[in-house]
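J.: Pasting a structure below so you can have a look.
The values are calculated or read from the model by the stated rules, or taken from the named source; none is laboratory data. Just so we're clear, the structure is a prediction, and the values are computed from it rather than from any experiment. As a convention, Cβ positions derive from the backbone with ideal geometry for all residues, glycine included, and neighbour counts pool all protein chains shown.
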Amino acid sequence: MPPSFGTSGLRGLVTELTPDLVTDTTRAYLDACAHGGSVMVGWDLRPSSPAIAETVLAAIAAAGLTAIRAGAVPTPALALAAATRDCGAIMVTGSHIPADRNGLKFYTLRGEITKDDEAAILAARGNDWPVAGTPAPVEDAPAVAADYVARYLSAYGSGALKGLRVGIYQHSSVARDLMMEVFAGLGADPVALARADDFIPVDTEAVAAETRAQLAQWCTDHRLDALASTDGDADRPLLCDAQGRVVAGDVLGVLSARALGSDVVCTPVSSNSMVGMIPEFTAVHRTRIGSPYVVAAMEAALAADSAAKVTGYEANGGFLTGFDAQGPAGPLAALVTRDCLLPVIAPLADAHAQGLSIADLVAALPQRFTAADRLQDIPTEASKAFIARLSADADARAAFFDAGGPEVATDTTDGLRVSFEGGQVVHLRPSGNAPECRCYTEAPTQDAAGQLLARHLEKLRMALTRSATG
């Protein structure tokens, strides 16, 4: 599949992200989107990212604009720096997908691009811009990481996590050193775990069983109160309690929004339905999957009421703040892009202030449980065709789904989400940025959600394998 825009930016095989294509897409962004005449460029730690970033910087400079090199920094740190400087930004990252793939994420003066911006970029491509020579004349922005760290230390203060022993699963996250600094600055005792020299594609939304077992073992071995990590470009969080149990991203979203005093929440249809049961939230807007859709919903909510305390999050845990919030020690400015640190720090600090563990905080929420995973190396068109057939044919759904009760509702906002009598939910969807088919489940207990997921992943594997072999 050639490079294309998915749920969050352009993605494709590194071999297909040629200098010509990267230059063309960068110049299209410069023509189509508001950037104020300056664009900041950052990248993750996958091997192909620095060279792609230099091509992007050269294209910006060749257009007569100010190219700013941020270096290897988290995506939310780049977005914060661009917002502070009032300029555009491009992040070179493939996020959580394997190292043979990479991509570009774009930011305008108002933040992360929307689907309208994406359409404008696509319409502006194809002008056959020459690839500019490198190295390009650029400015350097050395304070990007430091300013991102300061954001949390100033808002939460040096005692927010005092006395907590927190493991930091470092792997190849671009935020691995920065997280150690932040947690130490908040009073915790951070413990570095499993730093990797090679790129590891950690998907915080679909944590493999062997990884979960390792997380739990680390918590036991190092007597941890919690364990934190991120995906490759650090816009998705991972948080475990003291027993090493992963707290789902959409649960972190609920906890974070409540801790910040949010009253309007925007989140995709795949997120845990408990969000609609939280009395502090006066409005919940459900969207298609992908941060551009969440951003658009947040913008619409703020347009309807500029005083609304709007937040957004995805099932992967990426958290977006649409209003200037107040932390325990100081202000926390809006940041309308997926962040990894806030949805870890906010719940931990809230629990610690109440004398609770993170497990206690989670246990007090309405008891709805989710699970998610995906089949890899599945052609997108095969997933789309199979899900379209199920969506159109009630008999095909009855034959495929096994949820212990009859179907009571379907939702085709994004893929196919089917609700069953008894509270079970199964949601199938082609990935927007990789050849994968994702499956999300929800049930009244965690075991039931996990069993529902296991059954339907196997059924999905069999169905798509039969389809591939004719």
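J.: Among Leu416, Leu457, which is the only one that is touching a residue at least 40 places away in the same chain (Cβ under 8 Å), among the aliphatic types (A, V, I, L, M) and in contact with a Leu (Cβ under 9 Å, 6 or more places away or on another chain)?
T.: Leu457
J.: Oh, and also: Any idea which of Ala334, Ala396 is aliphatic (A, V, I, L, M) and either in contact with a Cys (Cβ under 6 Å, 6 or more places away or on another chain) or not assigned by TED's automatic domain parsing to the domain that holds Asn272 (or both)?
T.: Among Ala334, Ala396, only Ala396 is aliphatic (A, V, I, L, M) and either in contact with a Cys (Cβ under 6 Å, 6 or more places away or on another chain) or not assigned by TED's automatic domain parsing to the domain that holds Asn272 (or both).
J.: Could I ask something else about it? Among the candidates Asp402, Asp414, Asp447, single out the residue that is closer than 22 Å to Thr267 by Cα and either touching a helix residue (DSSP H, G or I) at 6+ places or on another chain (Cβ under 8 Å) or outside any strand (DSSP E or B) (or both).
T.: Sole residue among the options that is closer than 22 Å to Thr267 by Cα and either touching a helix residue (DSSP H, G or I) at 6+ places or on another chain (Cβ under 8 Å) or outside any strand (DSSP E or B) (or both): Asp414.
J.: Take the residues of the range 36-51 that are of a type outside the set (Ser, Thr, Tyr) and surrounded by fewer than 24 Cβ atoms within 10 Å (Cβ to Cβ): which is farthest from the chain's Cα centre (by Cα)?
T.: The selected residue is Gly37.
J.: Quick one: is Leu17 crowded, with 21+ Cβ neighbours inside 10 Å, aliphatic (A, V, I, L, M) and more than 21 Å from Asp140 (Cα to Cα)?
T.: yes
J.: Let me ask you something else. Taking the range 84-106 as the search range and keeping residues that are surrounded by 20 or more Cβ atoms within 10 Å (Cβ to Cβ) and of a type in the set (Gly, Ala, Ser), which one is farthest from Asp203 (Cα to Cα)?
T.: Checking each candidate, the answer is Gly88.
J.: (1) of a type outside the set (D, E, K, R); (2) farther than 30 Å from Ala188 by Cα; (3) surrounded by fewer than 19 Cβ atoms within 10 Å (Cβ to Cβ): which one isn't true of Ala329, the others all being true?
T.: It fails just one condition, (2).
J.: Of the residues that sit in the range 162-177 and are assigned to a loop (DSSP other than H, G, I, E, B), over 18 Å from the mean Cα position of the chain (by Cα) and not charged (D, E, K, R), which one is farthest from Asp203 (Cα to Cα)?
T.: Checking each candidate, the answer is Gly163.
J.: Here's a follow-up. Take the residues in the range 378-399 that are touching a residue at least 40 places away in the same chain (Cβ under 8 Å) and in a helix (DSSP H, G or I), then tell me which one is surrounded by the most Cβ atoms within 10 Å (Cβ to Cβ).
T.: Across the range 378-399, the extreme among qualifying residues is Ser383.
J.: List pairs: first residue in the range 126-147 and buried (at least 16 other Cβ atoms within 10 Å of the Cβ) and modelled with pLDDT under 95, second residue basic (Lys, Arg) and assigned to a strand (DSSP E or B) anywhere in the structure, Cβ distance under 7 angstrom, at least six positions apart or on different chains.
T.: Pairs that qualify, where the first residue is buried (at least 16 other Cβ atoms within 10 Å of the Cβ) and modelled with pLDDT under 95 and the partner is basic (Lys, Arg) and assigned to a strand (DSSP E or B), are Val138/Arg69; Ala141/Arg69.
J.: Only one of these conditions is not met by Val149: (1) touching a strand residue (DSSP E or B) at 6+ places or on another chain (Cβ under 6 Å); (2) closer than 26 Å to Thr66 by Cα; (3) not charged (D, E, K, R). Which number is it?
T.: Checking Val149 against (1) touching a strand residue (DSSP E or B) at 6+ places or on another chain (Cβ under 6 Å); (2) closer than 26 Å to Thr66 by Cα; (3) not charged (D, E, K, R), the one that fails is (1).
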